[in-house]
Each structure stands twice: as C-alpha cells, then as structure tokens.
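Student: Just passing along the structure, written as structure tokens.
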Amino acid sequence: MHRKCKGVGQAAGEDIKMDTTIVSVKSLVKTYKMGDVEVHALRGVNVDIMKDDFVAIMGKSGSGKSTFMNILGCLDIPTRGKYYLDGVDVSSLSRDELANLRNRKIGFVFQSFNLLSRTSALENVELPLMYNKKISSHEMHERSMKALEAVGLADRAHHFPNQLSGGEQQRVAIARSLVNDPVVILADEPTGNLDTRTSLEVMAIFQKLNQKGITVVIVTHEPDIAAFTKQNITFRDGRIIKAIAVDKPRNAMNELASMPAVTDEEDEL
Amino acid sequence: MKVKNLLKAALRSLAKNKMRTFLTMLGIIIGVASVIAMLAIGEGSKQSIQAQISTLGTNVLMIFPQASSSGGVRMEAGSSQKMTIEDVTAISDRCPSVAYVTPQVRTSGQLVNGNMNWRTSVYGVYPNYFEIRNLKLMSGNLFTLSDDRSATKVCVIGQTVVNNLFGANTDPTGSYIRINKIPFKIVGITEKKGQNAFGQDQDDMVFAPFSTVQKRIMAITFIQSMLASATTEALIPAASREITDVLKAKHNLGPSEDPDFTIRTQTDIATAATATSGILTILLATIASISLLVGGIGIMNIMLVSVTERTREIGIRMSVGARGRDVLLQFLIEALLISLLGGFIGVTLGVLVSQLIANILSWPVTITIPSILMSFLFSSAIGIFFGWYPARKAAGLNPIDALRYE
C-alpha cells in the first residue's frame with residue numbers, strides 16, 4: 001500500500017523531483033511491547049509529503065496517528081521501515097543525531113502547548129536556538145522576536161505562560177516551532193485544547209506560514225480543522241485508509257473576520 | 001548550550017524553589033563550616049604545642065651517658081660517670097654542625113636568704129647554656145667563662161626563686177644567698193618563662209658556673225649530661241652523627257660497638273607532641289567530613305526529586321533539540337551551584353565560628369588557606385559526585401516518555 005500525497009500545487013507532478021520531497025516514509029512499522037502483549041501501532045505506512053504541503057492526519061484515537069507523528073518528529077524510532085527527512089535516512093541515526101535533527105529541521109507543536117513555566121514567552125521561543133551553538137545571543141534574540149511577530153505576539157514577549165491565554169500560549173509554541181527555520185512543522189492536535197475562535201486563529205497562522213512556503217503537518221480528529229488543510233490522510237488500525245486532496249481549503253483568516261467581534265476580557269478567558 | 005545560558009537556567013530553577021535550595025545547601029554549609037572550624041582548632045592547638053615546646057629552646061640536643069652497672073647491677077640512666085669535661089671540649093672542637101655545647105650538672109640545693117629558705121634545682125652550666133635554651137636575663141648579667149675557670153660563687157636565679165626568697169616585685173641582683181651553706185652572689189635574674197609543655201616550672205631554677213657547682217657543691221669529677229645546639233634545625237641529624245663519632249672515638253669504642261651515651265633531640269619531643277595533636281585534628285576533621293558527606297547525599301536526594309518533578313521540562317527541552325549531554329550538564333551545574341554556593345557560605349561561617357571560638361573560649365585557633373581551599377574543592381567534588389547520578393538519570397530519559405509524564 002503506497003500512496004503518494006501530493007500538494008495541490010503539484011497536482012500535475014507525475015515526475016516528482018526528489019528534492020521537493022520533505023518527508024518520505026516507506027513500510028513504517030511500530031510495535032510496542034506492553035508486558036507480554038504486542039501492540040501494533042503502525043502496520044506498514046507509506047507516505048511522501050512534498051514541500052509547501054499542508055497535511056492533516058486524521059483518525060480515531062488508537063489509529064496510530066500520534067505514533068506516526070512522534071516518529072515524523074524524531075521523538076520516537078520506528079521498529080521497521082525507512083523514514084527520510086529532507087533526504088536524510090533517520091532510521092539509522094543515534095540519539096544525539098536525532099536531537100540535532102529535531103533542533104535544526106523540525107518544529108513541534110503540542111496539544112498541551114508544553115511551554116516552560118516561569119520562563120517568558122521570548123525565552124520559550126529562544127529555547128531551540130539555545131541548543132544551537134552556532135547562533136549568537138544577538139541573533140537568537142532577533143530571530144525569536146521575528147517569530148513572535150509572525151504569530152502576532154511581539155507585544156507579549158516578556159509575559160509568562162501563566163499570564164497568557166490558551167490561544168496565546170499555543171501561538172508562542174508555534175513561534176518556538178518556527179524559530180529554527182524548520183523544513184517541516186509538526187503539530188499534534190494543536191487546537192485540541194482551544195475553543196472555536198482561538199482554533200481559527202491558530203489555523204490562520206498555520207495557513208499563513210504555509211503560504212510562506214513552510215510544510216505543515218497536523219494531527220486532528222476534527223474534520224472542521226482538517227478542512228483548512230490541503231491534504232487529508234486518514235489512519236485506521238495502524239494503516240492509511242484514505243488520502244485525499246482537499247478540494248477547496250477553508251480560509252481561516254476570512255472566517256475569523258466574519259465572526260462576531262469579542263471583547264478582550266472574553267478573549268482572555 | 002552555552003555556559004551563560006546553562007548558568008541562567010540553573011539559577012532560575014534554583015530560585016524557583018528558594019526554600020528547598022537553601023535547605024539543601026544547609027547540609028553543605030554546616031559540613032564545610034564544621035570542617036573549617038575543626039581544622040582551625042586542630043591547627044591552633046598544634047601550633048600552641050609547638051610554641052610551648054620551642055620555649056625549651058630549638059635545635060637542642062641532649063647527650064646523656066648510659067646507665068652504669070657494677071657487678072651486674074644496673075643503675076639508673078645517666079648514672080655512668082664516663083662523661084668528662086674533655087668530651088665537651090672535643091665536641092666543641094671537632095663538630096662543625098654544633099653551634100654551642102655545654103656540660104651540665106644538676107643537684108638539689110637548699111637556698112637561704114635571711115629567714116627565708118627554698119629548695120630547688122641548681123644547675124652547673126657554661127654561659128652558652130643560655131644561648132642554647134634561648135633563656136634571657138631580666139636584670140643583671142650572666143656569669144662568664146672566667147667565672148667558670150676560677151669557680152666563682154655567683155649565680156643567676158629564676159623568678160620563682162626570687163619570689164620565694166625575696167618576695168614578689170623585688171630585684172635582688174647583687175644580693176647574696178646561701179646554697180647549701182655556701183654564699184653565692186646573685187648576678188642576674190632570668191626572664192619569666194612559665195611552665196613548659198610538661199608542666200615543669202622553668203622559673204624555679206638556679207644557674208651557676210659549671211665548675212662552681214661541680215667542685216664546690218657536688219664535689220664530683222665527671223659531668224652528668226651535655227646540652228648542645230645545632231647551627232640550624234636542619235643540621236640536627238648531622239650534629240647528632242658528629243657527636244656520636246667524636247664521643248665514640250673519645251671513649252675508645254669501635255664504629256660497630258654500641259655507644260655508651262644517648263642523644264635526644266628537641267625534634268623527637270616536638271614530633272611526639274605534634275603527632276598527638278595531629279591525630280586529634282584528623283579525628284575532628286573526619287567527624288566534620290561525615291556531615292559534609294551527609295550534605296552531599298542531601299543534594300543527591302533533592303536532585304533526584306527535581307529530575308522526577310521536571311521530567312516534562314526535560315521532555316520539552318529534548319523535543320526542541322537538547323541532547324543527553326545538554327540535559328546532563330544542566331542538572332550537574334545545578335548540583336555544582338548548590339554545593340559551591342553552600343561551600344562559599346560554609347567557609348564564611350566556618351571562619352566566623354572559629355573567630356567566635358577564639359574570642360569566647362580563648363582557644364588557640366588558626367585558619368589556614370589550604371583548609372579553605374580543600375573545603376571548597378571537597379564541596380564541589382561532592383556536588384559533582386552526588387549530582388552525577390540524578391543528572392545521568394535525566395539525560396537518559398526517552399523524549400517521548402518524558403513528554404508524556406504527568
């Protein structure tokens with residue numbers, strides 16, 4: 001079972017150039033051992049994700065979509081199969097090499113934000129750059145501010161996570177994920193803890209980043225959210241059962257504009 | 001991660017739990033402070049013992065004849081009569097490492113001044129005895145070698161003798177006393193020296209020219225012992241060898257034969273005494289080090305709790321690219337900061353406590369730089385040693401497990 005998931009912009013691409021394939025997964029298998037029981041989280045997954053693509057991975061809980069995301073994010077290693085990220089064979093890398101890959105090529109956004117508490121928004125965004133020795137403190141600061149600007153939170157740079165709303169925290173997390181200029185941003189249920197409006201805000205940011213040329217992969221179980229992306233892949237029981245291009249992706253920015261205005265106090269809630 | 005950022009992160013996480021950080025540090029603070037204080041007390045007592053011993057005079061060698069025996073009955077040490085004034089001359093002529101040498105005879109004398117009397121030791125010595133023993137006169141003058149040659153009846157007396165024969169705060173220089181009914185002119189008073197390390201009153205003595213005591217009071221021809229001083233402390237062993245050679249030759253003993261005399265040096269006594277106080281110091285420092293060790297275990301305990309508590313933070317850091325060694329370093333630096341900061345406060349506290357002991361209990365206290373450096377080194381070593389295991393544990397976490405940890 002091998003499906004090619006091409007970006008809408010590359011619908012005509014029969015002859016796909018390798019250098020535009022950001023993620024390439026071949027017969028990926030992941031098996032967990034829970035005591036004596038073997039849990040087959042992934043049973044042979046084949047996917048190619050192109051540059052500039054915006055993919056939603058869907059499926060019920062237990063379908064293997066989170067496991068798949070963790071492997072894409074180099075947080076977990078597959079039991080069998082090959083995973084090429086930006087041309088690099090990830091399956092054979094050491095712990096440190098995986099860490100470097102996470103540091104340079106991947107941006108991760110979590111459902112529960114995962115910001116460091118008692119650390120300002122700016123410093124949270126700076127975190128990935130701190131683990132890159134080549135970047136000076138000055139450059140670190142500049143790039144982090146730029147990332148915060150990109151998510152519209154430049155004025156909140158010195159706020160602590162507990163002084164920010166859920167939506168703002170998630171935007172800080174997105175700023176953190178893009179500060180290192182990753183080849184792909186992976187978001188695991190980024191709107192799972194957010195209300196409709198803030199979900200829209202977050203999706204608007206993802207769409208904006210995608211338009212700028214950043215590849216984005218999100219996991220979601222909400223079809224509404226998946227409708228904002230260009231490509232939907234559905235998992236069931238560790239396999240891909242459906243991979244379709246979204247006909248007309250919804251535009252989060254426009255929908256936000258048409259929503260009734262809310263006061264700032266309500267937004268803070 | 002850069003050192004600056006590492007330090008910043010470590011300081012922040014320590015500041016987050018101020019009370020906990022302080023309590024953890026307290027173990028190290030108390031440990032280091034007690035090590036410093038104990039070493040200061042030990043070193044102080046060692047130095048005061050050394051100072052007391054040096055009041056006996058430094059570089060001093062004592063030469064005693066062996067025990068005599070007559071018909072198989074052995075007599076007490078020093079009872080042999082084989083040592084003579086020629087031995088003294090031979091030593092002073094032929095031993096280059098010996099600065100001074102004096103014969104010594106000692107007897108008990110009943111001292112009388114008017115209606116007061118006192119019994120004490122009377123020493124017959126050369127004037128250079130005062131150089132050897134580092135004795136100084138408070139008033140008057142020393143008798144001379146010509147006094148010795150003519151066996152003049154003059155003497156120098158100690159402060160205790162003055163107090164008992166003339167009363168306190170008097171200067172009897174020039175007065176006459178009778179020693180065993182023989183009149184002696186007092187030519188000088190020795191400076192007060194107090195008790196020596198063995199509780200002997202060094203002011204309860206009378207000194208007179210050697211010949212005077214030997215011939216006029218004791219009426220003997222031999223000498224009881226000799227006192228010599230080496231030119232420098234380092235030359236004591238050389239002086240001892242030279243004296244042995246000269247005396248053996250003088251007494252017609254072959255090189256392989258046992259000498260008929262014994263040489264004891266001041267260093268022997270000093271070594272024995274300082275060894276005792278050295279053992280005391282080690283004992284005190286060991287007890288104090290145990291508290292430092294307990295402080296270290298405290299650090300390990302808290303770091304382990306901290307690692308568990310911050311599993312999620314570790315997961316976040318790893319997810320954005322922290323390698324195992326970055327996490328290891330972060331926790332190690334935290335442990336090191338606790339122990340170094342604790343060490344610093346501990347040293348300060350230890351110095352204060354030592355001063356307090358010196359002031360309130362008036363114990364001799366000496367703080368040495370090596371003891372401070374050692375405490376510092378030791379406490380940072382403890383930080384690394386006990387911080388290592390928790391830091392390793394943090395670094396070995398699986399990012400995905402760490403992120404999922406609740």
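Student: Relative contact order (percent) for chain A, with alpha-carbon contacts under 8 angstrom and 6 or more residues of separation? Don't skip to the answer; put the middle values down first.
Tutor: Values: 532 pairs, mean separation 68.2, N = 269.
The normalised contact order for chain A reaches 25 percent.
Student: Give me the inter-chain shielding for A:95-105: mean count of other chain Cβ atoms within 10 Å, whole number please.
Tutor: 4
Student: So, one more: Could you compute the FRET efficiency for B:Met116 and B:Lys215, with r as their C-beta to C-beta distance and R0 at 30 Å, rounded to 0.05?
Tutor: Numbers: r = 27 Å, r/R0 = 0.90.
According to the calculation, E is roughly 0.65.
Student: On a full-extension model of 0.36 nm per residue, what is the gain between B:Ala238 and B:Ala15, subtracting their alpha-carbon distance, rounded to one decimal in nm?
Tutor: 73.9 nm
Student: Shifting gears a bit: Take the Cα radius of gyration of chain A and divide it by 2.2 N^0.38 Å, with N its residue count; two decimals is plenty.
Tutor: That ratio works out to 1.00.
Student: Which whole number in µm²/s is D for chain B by Stokes-Einstein, with the Kirkwood Rh taken over Cα pairs at 10 °C and 1.306 mPa s?
Tutor: This corresponds to a translational diffusion coefficient of 60 µm²/s.
Student: Please arrange B:Glu406, A:Glu139 by counting, for each residue, the other beta carbons lying within 10 Å of its beta carbon, fewest first.
Tutor: Arranged by neighbour count, lowest to highest, B:Glu406, A:Glu139 become B:Glu406, A:Glu139.
Student: Using Cα pairs under 8 angstrom and six or more residues apart, how large is the relative contact order of chain B, in percent?
Tutor: Across chain B, relative contact order equals 28 percent.
Student: Please compute the Cα-Cα pair-distance distribution of the range A:120-240 with 10 Å bins starting at 0, giving whole percents from short to long.
Tutor: In order of increasing distance, the bins hold 13, 43, 31, 11, 2 percent.
Student: Run the helix sum for chain A: -39,500 (n - 2.57) per DSSP H stretch of 4+ residues, divided by residue count, reported at 222 nm to the nearest 500 deg cm²/dmol.
Tutor: Working: 9 runs with 88 residues, N = 269.
After summing the helix terms and dividing by the residues of chain A, the value is -9500 deg cm²/dmol.
Student: While we're looking at this one, here's another question. Could you pull out the trypsin sites (Lys or Arg not before Pro) across the range A:63-139 that fall in loop regions by DSSP (anything but H, G, I, E, B) with no more than 10 other Cβ atoms inside 10 Å?
Tutor: Answer in residue order: A:Lys133, A:Lys134.
Student: Another one. Could you sort out which of A:Lys133/A:Lys242; B:Lys136/B:Lys248; A:Lys134/A:Lys242; B:Lys46/B:Lys82; A:Lys146/B:Lys2; A:Lys60/A:Lys248 sit more than 31 Å apart by Cα distance in this structure?
Tutor: Details: A:Lys133/A:Lys242 42 Å; B:Lys136/B:Lys248 34 Å; A:Lys134/A:Lys242 42 Å; B:Lys46/B:Lys82 39 Å; A:Lys146/B:Lys2 22 Å; A:Lys60/A:Lys248 24 Å.
In this structure, A:Lys133/A:Lys242; B:Lys136/B:Lys248; A:Lys134/A:Lys242; B:Lys46/B:Lys82 lie more than 31 Å apart at Cα.
Student: Oh, and also: In angstroms, what radius of gyration and Dmax does the protein assembly as shown have, counting Cα atoms only?
Tutor: For the protein assembly as shown, the Cα radius of gyration and maximum Cα-Cα distance read 45.6, 138 Å.
Student: Under 19 Å from the Cα of A:Lys208, which aspartates and glutamates turn up, not counting those fewer than eight places away in the same chain?
Tutor: A:Asp52, A:Asp53, A:Glu149, A:Glu168, A:Asp181, A:Asp188, A:Glu189, A:Asp224, A:Asp247, A:Glu255
Student: Can you tally the net charge around B:Tyr176? Count Lys and Arg as +1, Asp and Glu as -1, for every other residue whose Cβ sits under 12 Å from the Cβ of B:Tyr176.
Tutor: With Lys, Arg at +1 and Asp, Glu at -1, the net is +3.
Student: So for the range B:218-294, Kirkwood radius off the Cα pairs, Stokes-Einstein at 25 °C and 0.890 mPa s: how many µm² s⁻¹?
Tutor: The Stokes-Einstein estimate is 151 µm²/s.
Student: Work out the mean other chain Cβ neighbour count within 10 Å for the residues of B:320-331 and drop it here as an integer.
Tutor: 5
Student: Another question, then. Between B:Ile287 and B:Met374, what FRET efficiency follows from the Cβ-Cβ distance if R0 is 22 Å, with the result rounded to 0.05?
Tutor: Working from the Cβ atoms, E equals 0.90.
Student: As a check on your grasp of the helix formula, calculate [θ] at 222 nm for chain B: sum -39500 (n - 2.57) over DSSP H runs of n ≥ 4, divide by the residue count, round to the nearest 500.
Tutor: -18000 deg cm²/dmol
Student: Give the calculated FRET efficiency between B:Ala67 and B:Phe385 to the nearest 0.05, with a Förster radius of 41 Å applied to their Cβ-Cβ distance.
Tutor: With R0 = 41 Å, the Cβ-Cβ based efficiency is 0.10.
Student: In angstroms, what radius of gyration and Dmax does the range B:286-406 have, counting Cα atoms only?
Tutor: Values for the range B:286-406 (Cα only, Rg and Dmax): 18.6, 63 Å.
Student: Now a separate question. Go through the range B:137-198 and name the trypsin sites (Lys or Arg not before Pro) that are in a DSSP coil and have 16 or fewer other Cβ atoms within 10 Å of their Cβ.
Tutor: The qualifying sites are B:Lys181, B:Lys192.
Student: Mind jotting down a quarter of the surface of the convex hull over the alpha carbons of the range B:154-193, in square nanometres, one decimal?
Tutor: If you wrap the Cα atoms of the range B:154-193 in a convex hull and average its projections, you get 2.6 nm².
Student: Using alpha-carbon pairs under 8 Å, 6+ residues apart, how would you state the relative contact order of the range A:165-248 in percent?
Tutor: Reported as a whole number, the value is 25 percent.
Student: Sticking with this structure for a sec: Hey, what angle do you get for helix B:3-16 against the long axis of chain B, alpha-carbon based, 0 to 90 degrees rounded to 10?
Tutor: Between the helix axis and the principal axis of chain B, the angle is about 90 degrees.
Student: Can you tell me the orientation of helix B:18-54 relative to chain B, as the angle in degrees between its alpha-carbon axis and the longest Cα principal axis, to the nearest 10?
Tutor: Between helix and principal axis, roughly 10 degrees.
Student: Quick check: pseudo-label points 7 Å beyond the Cα along Cα→Cβ at B:Thr276 and B:Gln195, how many nm apart are they?
Tutor: 1.2 nm
Values quoted throughout were computed directly from the atomic coordinates according to the rules given, and no laboratory measurement underlies them. Quick caveat, the model's predicted, so the values are computed rather than measured. Ideal geometry is used to build each Cβ from the backbone, glycine not excepted, and the neighbour counts take in all protein chains shown.
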